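Structure record follows, encoded as structure tokens.
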Amino acid sequence: QVQLVESGGGLVQPGGSLRLSCVASGSIFRIATMGWYRQAPGKQRELVADMDSRGNTNYAGSVKGRFTISRDNAKNTVYLQMNSLKPEDTAVYYCNLRIGDTTIWGQGTQGTVSS
């Protein structure tokens, strides 16, 4: 059973940066689509960014130009570099793995942007 473990959340001031990491167990990482989602209080979970096994990326309009998703297949790890953070980026960030009909979620990591 594949498990995802996120890290890197925390408290940062507006304009600051955070880098999230997600490590996957198992051997299917390199052929899976990896993504980051977020859920703010009182809102639905939304896609932030994802990257397929070929390196093709997809970003939410609200984060384009500020966030960058990347992956290291040798380390079974996907990253989310978040720059120029805004208070509205405050949310629990979830790592997601998709392959075929299988979707796996991490436990989430809190990112808070506040002065």
Worksheet item: Ignoring ligands, DNA and RNA, what percent of the accessible area of the chain is carbon or sulfur (1.4 Å)?
Response: 45
Discussion item. Skipping prolines and chain starts, which residues have an amide H placed within reach, meaning under 5 Å, of the one on G108, given they are 5 or more residues away or on another chain?
Written reply: E6, C95
Discussion item. Using a 1.4 Å probe on the protein heavy atoms only, what accessible surface does S21 show? Give it in Å² to the nearest 10.
Written reply: 20
Worksheet item: Which whole-number value in Å³ per residue fits the convex hull of the alpha carbons of the chain?
Response: 95
Item to complete: Send over a whole-number figure in Å² for the accessible area per residue of the chain, probe 1.4 Å.
Response: 53
Discussion item. Connecting C-alpha atoms closer than 10 Å in a GNM of the chain, tell me which of K43, K64, K75 has the biggest fluctuation.
Written reply: K43
Worksheet item: In percent, how large is the relative contact order of the chain, given Cα pairs closer than 8 Å and 6 or more residues apart?
Response: 37
Item to complete: Could you name the aspartates and glutamates whose alpha carbon sits less than 15 Å from that of K64, not counting residues in the same chain fewer than 8 places away?
Response: E46, D50, E88, D89
Discussion item. Quick check for me: using +1 on Lys/Arg Cβ and -1 on Asp/Glu Cβ, what's the dipole size of the chain about its Cα centre, in debye to the nearest 20?
Written reply: 160
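The values are calculated or read from the model by the stated rules, or taken from the named source; none is laboratory data. Remember, it's a predicted structure, so these values are computed and weren't measured experimentally. All Cβ positions, glycine included, derive from the backbone under ideal geometry; neighbour counts span all protein chains shown. Heavy atoms of the whole protein, side chains included, go into the accessibility calculation; ligands, DNA and RNA do not. Shrake-Rupley method; radii C 1.70, N 1.55, O 1.52, S 1.80 Å.
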